[in-house]
Amino acid sequence: MKKIQMVDLKGQYNDIKDVVSTSIDNVIENTAFINGPKVHEFQKNLENYLGVKHVIPCANGTDALQIAMMGLGLKPGDEVITADFTFAATVEVIALLNLTPVLVDVNEDDFNIDIEALKKAITPKTKAIVPVHLFGQCANMEAILEIAKAHNLYVIEDNAQAIGTNYTFKDGTKAKAGTIGDVGATSFFPSKNLGAYGDGGAIFTNDDDLAHTIRGIVNHGMYKRYHHDVVGVNSRLDSIQAAVLDAKLPKLDSYNKARQSAAKKYNKAFEAIENIITPELTNGCGENICDTCDCHVFHQYTLKLKNIDRDALVKHLNEKGIPCGVYYPIPLHLQKAYADDRYKESDFPVTNQLVKEVISLPMHTELNDEQIEFITSTIIKFING
Ligand SMILES: *Cc1c(COP(=O)(O)O)cnc(C)c1O
């Protein structure tokens, strides 16, 4: 059996090697390393794919979030609400800009921001909400948009884990994750669903003025050469990464399909195991992953373990050559950098529980049936003793 990896990028590479190599060679031949034509081509192609007016490429997903917040003109002291159960980058940029992060609990079923907790956290100082589409599935955007409208708040989607996912509104219309709020931010970190061969990120918006503002911010606040109208940053997607991403973009839907197919096989294998809760679909797809499923792109395949010794399971899997991950082991409100006297443990019953129960299994586009069967049977044997 092929060695199992948490993320296997080699198979994908073999498949697009020729296109990527030619494209990278062209960038080098043209020496257009920064803001070259390839970056522009990728930007246009991504705008078409997402159905969004503006894509602004930048250096990484963390920058994308930060720049989105700068572009909206958020000011020190403004409160920004986000989920307690996410990667630290989301809250990090809020703190870095001297905004006030307000962490709230998440749902047990889809791990995304809890709408009731979000409502309770709103104060007169609240200026924005950052829903994170965790593990590849959208937060409840319809409810979030309603709340944002009622309280005049910006919505900044952290779409680092959900590129290509569709969100289905109650009336049946669909929109791509990251294009629904005022602004979306994504990451092209190599292991993300659309991954570069280094760092990369992008900001999405349908707002022309905001797009203009952001295009200046990513480039030292310059709107005209050597005229610095606002304080900006240096955050650019380099042309070589754009060449890789532009070669991969036409494959993104098939990559996401491959992930769904692996998730479906995992689900089936664990169907009869009571102590294992498989990922729940909460947006427009029904209960099971079907062939036309577009509501979850499985950046992670994350189980909840009920009354199972997770540490012992992780150890056992590692001994059998099966990698796995715990995303995330500590809620953000308990991280030293983000602790705040305002938080009470009783505000976070779900995240406090999830950090003890979750385990993510290998998930990528190259998993084969033999590997999935070995992973699932090893877990089931462990549970059944
Ligand atoms: C990966 C990730 C980021 C940050 O992206 P980088 O490109 O690594 O800076 C932000 N938010 C979430 C939820 C992520 O998973």
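The values are calculated or read from the model by the stated rules, or taken from the named source; none is laboratory data. Please read these numbers as outputs of a predicted model, since none were measured by experiment. Because the Cβ atoms are built from the backbone with ideal geometry, glycine has one as well, and the counts that use them run over all protein chains shown. Surface accessibility is based on the protein's heavy atoms, side chains included, excluding ligands, DNA and RNA. Shrake-Rupley method; radii C 1.70, N 1.55, O 1.52, S 1.80 Å.
Filtered by the rule that a residue be in contact with a helix residue (DSSP H, G or I) (Cβ under 6 Å, 6 or more places away or on another chain) and within 16 Å of the ligand (Cβ to nearest atom), the range 43-65 gives Val55, Ile56, Pro57, Cys58, Thr62, Leu65.
Which condition from (1) more than 26 Å from Leu118 (Cα to Cα); (2) crowded, with 21+ Cβ neighbours inside 10 Å is the one that Ala160 breaks? Status for Ala160: all satisfied but (1). Counting only strands (runs of 3 or more DSSP E) wholly contained in the range 131-223, the ones carrying 3 or more residues that are within 16 Å of the ligand (Cβ to nearest atom) occupy 154-158, 183-187, 201-205.
Taken over the range 126-144, the criterion of being of a type outside the set (D, E, K, R) and more than 16 Å from Leu72 (Cβ to Cβ) is satisfied by Val132, His133, Leu134, Phe135, Gly136, Gln137, Cys138, Ala139, Asn140, Met141, Ala143. As a summary of the residue check, Ala337 satisfies the conditions (1) buried (at least 17 other Cβ atoms within 10 Å of the Cβ); (2) within 26 Å of Lys192 (Cα to Cα); (3) among the hydrophobic types (A, V, I, L, M, F, W, C) except for the one numbered (1).
Pairs are defined by a Cβ separation below 6 Å, a sequence spacing of at least 6 or placement on different chains, a first member in the range 103-126 that is without any contact (Cβ under 8 Å) to a residue 40 or more places away in the chain, and a second member that is open to solvent by 10 Å² or more (accessible area, probe 1.4 Å) and part of a loop (DSSP other than H, G, I, E, B); the pairs so defined are Ile115/Asn140.
Out of Lys248, Lys264, Lys257, Lys268, one residue alone is more than 20 Å from Asp109 (Cβ to Cβ) and open to solvent by 10 Å² or more (accessible area, probe 1.4 Å). It is Lys257. Residue count for the range 309-334 under the criterion of being open to solvent by 30 Å² or more (accessible area, probe 1.4 Å) and over 22 Å from the mean Cα position of the chain (by Cα): the result is 11.
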